[in-house]
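Take a look at the structure set out below.
The values are calculated or read from the model by the stated rules, or taken from the named source; none is laboratory data. Model, not experiment: these values are computed from the prediction. Reconstructed Cβ throughout: ideal geometry from the backbone, glycine too, with neighbour counts over all protein chains shown.
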Amino acid sequence: MPSLPSTEAPEADDVVIVGAGAGGAAMAWRLARAGISVTCLEQGGWVDPDDTPSKHPAWELARQTTHHPNPNTRMNGWDYPVEQSDAAIKPLMYNAVGGSTLHWGAHFPRFRPSDFRARSLDGVADDWPLDYWDLAPYYEENDRIMGVSGIHGDPGNPPREPRQTSPLPIGEGGRRMAAAFDRLGWHWWVSDAAINSTPYGEGWKGAGRQGAGRLACNHCGPCDVGCPVQARASTDITYWPLALSAGATLLTEARVFGVEADASGRVTGVAFHDARGNARRIKAQIVVLAANGVGTARLLLLSNLGNRSGLVGRRLMHHPTGMATGVFAERMDGFRGPFATSILCQHFYEGNATRGFARGFQMQLVRSDAPLGTAVGVYLPRVPWGAAHHDRFLAVFGKTASLTVTTEDLPREDNRVVLDDSLTDRMGVPAPKMIYSLDDNTRRMIAFGLQRAREAFEEAGAIEVLTQDLVTEAGFHLMGTARMGEDPERSVTDSWNRAHDHPNLLIADGSVFVTAGALNPTPTIQALSPRAADALIRDRRDVRGAA
Amino acid sequence: MTAELTRLLSLLLPGQDPFPAAGALGIDRAILAEPRFAGPVQAVLAALPDLDTLGERDAVTRLKATEAKMPEAFSTLVVAAYSFYYTHPLVLDAIETETGYKSGAPQPGGYDLAPFDPDMLAIPAARPRQWRDPR
């Protein structure tokens, strides 16, 4: 794709960002717009939005192979392996310009105010060193750049500006479940989604799409394998065109394997392997790590930096998810429409000690799968093989809707990312290992949530309800492995994402999360990142003067 | 190797009008060529050296025992079989016949869906604040 930029790295820059995903892209744009010279190193390359499996009849095969969300299964040359044998939830991520936003469902809720005050309100975990209102203006600006469909006025969340486009269609499954929630007296709202319901945004103008802009969603279904109409936001088509226009430099297929520091504790740059496998170095006044909750911890551990607290890699949090699926007698045709976005029930979100667990969960309606997804078992348990297979397939295909029970994962130091003793990436650099198990609080919360989901489906008229206690391939929200806080002995960064131990090292991804909430983290990552950038801009003399 | 896999595939996914048997689709070589699937599939086949000598009932019994004995590899075999079966044009045509599901690519056509009706929000919009304000 010659029209896409892939520039040569300078020998030094004011700011070097590692990772071009949700947080890195927002940071690059904010700094470049302020006139700060920025270079971003991304270990993957550009993915042409037009080059998607969903344009081919056998597209579902790609979901099981080349476009599988787990890098260990996908085995893409841009990825690194993640040792997962001790992890109850498997890692899902993508390495490319845009990061995991290339493979997401674009469900786009903000954290609630109570998510920043778990200790004060519910006596568990820790409070964040900032609050919802510190982030509110950044949430709004991020919404404008990503483009959010939905409708404001939800009494379940603080007020916000009108959404950029109107709500997406919720489908027959959404209508059924909304009516059921109303009869049960449970609060619901149409989901905020980073997916255009009408054209919005300029999008990526390269790769033959000059002037087309970001079009409206045409409800094809599999957002996760790519969106050729660019209705679904990803940072390669939102932030990166803005950042590059503002002067940012982006180097692709640059695999960072170390952050370097001098004797005083200031970081001096990063070491990386370029596309040809050559080891190189780029110096910087500021280094920003935005390589996700696993990749950033890996780099800090490889570099032996930022770990006075001993918390680098620890407190790994996911969103442990149970799944309930209602089978209806009638067709729902849930393979039509963006798979992850429809309506959201937050009736059980705020903590309530009488329920027998701390904190809460969301129930997110997801639509039903296409044929292979139905058979192999994503939302439903797998359709059994053998003589009865086809009858069972026809009994469920296109007749289901599903509710996630997405829970808040309380931080525990024994859930962690470490460097594996033997596994390496293709350059011989130690790979990360995830060590992760669920606690009893989470198990009780999932069990409670699945019972509520069953009630909702029965109220909606489902003829059968099937549940899964834990979706194991659900490690798409990687949080907590370099938490922020005021105390350098109990946290890795301060409230402006700066490493306590290294004043010119920042972290701009889910690693800094103090708690996980029970909501998709990307809007919060993308609100934190430009806020941290603004602090750098305010201290601009430090950036320029530290050479 | 492929003859044994063909038999195995048809035990997993037998023919039932209008669905073809998996073993009749010529997908065995593609399965063995896929890096994710090749190793586990070969491991299962190696554990079933006499499959072609067994009648159908005994073969199914043997498969179930093998599934219990090596669940991870067998699960990957099932994913492999389903993956190539449910993306084969003849199977997609059969699904279209039975359900009306469009067997072509989702893009560029997409699907028509009725727009969201904001009147549906009348009940939730009338509720008092549902979130805690820690300030």
Residues of the stretch A:385-398 classified as within 9 Å of another protein chain (Cβ to nearest Cβ) and either under 24 Å from the mean Cα position of the chain (by Cα) or not aromatic (Phe, Trp, Tyr) (or both), total: 7
Quick test of your reading of the structure: residue A:119 fulfils all but one of (1) surrounded by 18 or more Cβ atoms within 10 Å (Cβ to Cβ); (2) touching an Asp or Glu at 6+ places or on another chain (Cβ under 9 Å). Name the failing condition by number. (1)
Output the number of the condition that residue A:172 fails; it satisfies all remaining conditions of (1) out of contact with any strand residue (DSSP E or B) (no Cβ under 6 Å at 6 or more places or on another chain); (2) more than 14 Å from chain B (Cβ to nearest Cβ); (3) acidic (Asp, Glu). (2)
Tally of residues being within 12 Å of chain B (Cβ to nearest Cβ) and surrounded by fewer than 17 Cβ atoms within 10 Å (Cβ to Cβ) across the stretch A:152-163: 5
For the stretch A:84-120 the number of residues that are within 14 Å of chain B (Cβ to nearest Cβ) and under 23 Å from residue A:438 (Cβ atoms) is 10
Looking at the stretch A:140-176, which of the residues that are in contact with a Ser or Thr (Cβ under 8 Å, 6 or more places away or on another chain) and in a helix (DSSP H, G or I) is nearest to residue A:522 (Cα to Cα)? A:146
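Could you identify the single residue in B:41, B:91 that is touching a strand residue (DSSP E or B) at 6+ places or on another chain (Cβ under 9 Å) and of a type in the set (Val, Ile, Thr)?
Numbers: B:41 fails: touching a strand residue (DSSP E or B) at 6+ places or on another chain (Cβ under 9 Å).
Going through B:41, B:91 in turn, just one is touching a strand residue (DSSP E or B) at 6+ places or on another chain (Cβ under 9 Å) and of a type in the set (Val, Ile, Thr): B:91.
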Search result, residues across the stretch B:20-32 that are closer than 20 Å to residue A:383 by Cα and surrounded by fewer than 19 Cβ atoms within 10 Å (Cβ to Cβ): B:21
Taking the condition over 17 Å from residue A:65 (Cβ atoms), free of Cβ contacts under 8 Å to residues at least 24 places away in the same chain, surrounded by fewer than 19 Cβ atoms within 10 Å (Cβ to Cβ) and more than 14 Å from chain A (Cβ to nearest Cβ), does residue B:17 pass? no
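State whether one or more residues within the stretch A:513-528 are part of a loop (DSSP other than H, G, I, E, B) and modelled with pLDDT under 95. Give the derivation first.
If we filter the stretch A:513-528 for residues that are part of a loop (DSSP other than H, G, I, E, B), which is where we start, we get A:513-521.
From what is left, the residues that are modelled with pLDDT under 95 are none.
Within the stretch A:513-528 (the criterion being part of a loop (DSSP other than H, G, I, E, B) and modelled with pLDDT under 95), the answer is no, since none of the residues qualifies.
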Based on what the data block shows, is residue A:315 surrounded by fewer than 17 Cβ atoms within 10 Å (Cβ to Cβ) and in contact (Cβ under 8 Å) with a residue 12 or more places away in the chain? no
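Regarding the stretch B:33-56, can at least one residue be identified that is assigned to a helix (DSSP H, G or I), touching a residue at least 60 places away in the same chain (Cβ under 8 Å) and surrounded by 19 or more Cβ atoms within 10 Å (Cβ to Cβ)? Steps first, answer last, please.
Pass one, the stretch B:33-56, residues assigned to a helix (DSSP H, G or I): B:33, B:35-46, B:51-53, B:56.
Subsequent filtering for residues that are touching a residue at least 60 places away in the same chain (Cβ under 8 Å) retains none.
Within the stretch B:33-56, none of the residues are assigned to a helix (DSSP H, G or I), touching a residue at least 60 places away in the same chain (Cβ under 8 Å) and surrounded by 19 or more Cβ atoms within 10 Å (Cβ to Cβ).
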List pairs: first residue in the stretch A:464-489 and more than 27 Å from residue A:73 (Cβ to Cβ) and among the aliphatic types (A, V, I, L, M), second residue at pLDDT 95 or above and assigned to a strand (DSSP E or B) anywhere in the structure, Cβ distance under 8 angstrom, at least six positions apart or on different chains. A:465/A:324; A:465/A:325; A:465/A:326; A:465/A:327; A:484/A:493
Which of (1) within 14 Å of residue A:94 (Cβ to Cβ); (2) in contact with an Asp or Glu (Cβ under 7 Å, 6 or more places away or on another chain) is the odd one out, the single condition residue A:83 does not satisfy? (1)
The lone condition residue A:378 fails out of (1) at pLDDT 95 or above; (2) surrounded by fewer than 24 Cβ atoms within 10 Å (Cβ to Cβ) is (1)
Does residue A:215 count as over 19 Å from the mean Cα position of the chain (by Cα) and free of Cβ contacts under 8 Å to residues at least 24 places away in the same chain? yes
